[in-house]
């Protein structure tokens, strides 16, 4: 009679279920480590750092195990951390949604902790054609988080093709690189509208080229 197959722990889904306490601004969060470790190489490295505990410190509690000794996340806001946790736990639901402020917060924290897949999703939402953010707000956010200019197509199209140029307040908010791209685009657009049958050609391709140009 053959021996039964040994019972083994699943390599991915036998979770240690470790919980950690984080201090974000003045608020304590007690959460599972799993999603943070799986998605962020920055946080994964933080959790895998060796604990250099001396004989005299063996009775001391590990950071993150008590409210009195939380893991501090300086520079992270409560809204950013809440948005990240909400995305981890609810984004697979059909009716999942967040206000644009939460998507911007999610973009910020995913950029900070190098969570690439979530950063990509946040970029899609913040810079979508239906984003409630105005075009200048989008360019400011893109500059802050080093978002490649080609993600700004809808904002750039609006600024390039509108009837009036950038005003002083808008220029004060935007990076010199984006001001140059928009100004270049407006000059090209004016020339394009003066061409015969301009309505039948595609200026969107030109906008994408201006945004993608590395020497702009």
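Each value in this text was obtained by applying a stated rule to the coordinates, not by laboratory testing. Owing to the predicted nature of the structure, the values given are computational and were not obtained by experimental measurement. Every residue, glycine as well, gets a Cβ built from its backbone with ideal geometry; the counts of neighbours run over all protein chains shown.
Look at 154, 164 and count the other Cβ atoms within 10 Å of each Cβ; fewest to most, that gives 164, 154. Max-minus-min Cα coordinates of the range 121-180 on each principal axis give 32, 21, 17 Å, with the largest extent listed first.
Distance between the 7 Å Cα→Cβ label points at residue 179 and residue 114: 3.4 nm.
Provide Rg over Rh for the range 133-215; use the alpha carbon set for both Rg and the Kirkwood Rh (inverse mean inverse pair distance). It would help to have the intermediate numbers written out before the result.
Details: Rg = 12.6 Å, Rh = 13.0 Å.
So for the range 133-215, dividing Rg by the Kirkwood Rh gives 0.96.
Helix 116-126 and the longest principal axis of the Cα set of the chain meet at an angle near 40°.
Ellipticity at 222 nm from helices only: DSSP H runs of n ≥ 4 in the chain, each -39500 (n - 2.57), divided by the residue count, give -14000 deg cm²/dmol.
Plainly put, the chain has a radius of gyration that is 1.15 times its Kirkwood radius, both from alpha-carbon atoms, as the Rg/Rh ratio. Comparing 152, 93, 107 in a Gaussian network model of the chain (Cα springs below 10 Å), the most mobile by mean-square fluctuation is 93. Averaging the Cα positions of each part gives two centres, and for the range 2-37 and the range 57-133 these lie 18 Å apart. Computed on the chain, with alpha-carbon pairs under 8 angstrom and 6+ residues apart, the relative contact order is 13 percent. Extending 7 Å from the Cα toward the beta-carbon at both residue 150 and residue 9 defines two label points whose distance is 4.3 nm.
Taking each residue as 0.36 nm, the span from residue 65 to residue 137 lengthens on full extension beyond its C-alpha to C-alpha distance by 21.9 nm. The label-point distance for residue 214 and residue 194, in a model that sets each label 7 Å from Cα toward Cβ, rounds to 3.3 nm.
By the beta-carbon count within 10 Å of each Cβ, the least crowded to most crowded order of 34, 189, 14, fewest first, is 14, 34, 189. Taking the 0 to 90 degree range and rounding to the nearest ten, how far is the long axis of helix 176-193 tilted relative to the main principal axis of the chain, both from C-alpha atoms? With rounding to tens, the tilt is 40 degrees.
Expressed as a fraction of 2.2 N^0.38 Å, the value expected for a compact globular protein of N residues, the C-alpha radius of gyration of the range 93-151 is 1.06.
For the chain, the longest principal axis of the Cα atoms and the long axis of helix 135-144 meet at an angle of about 50 degrees.
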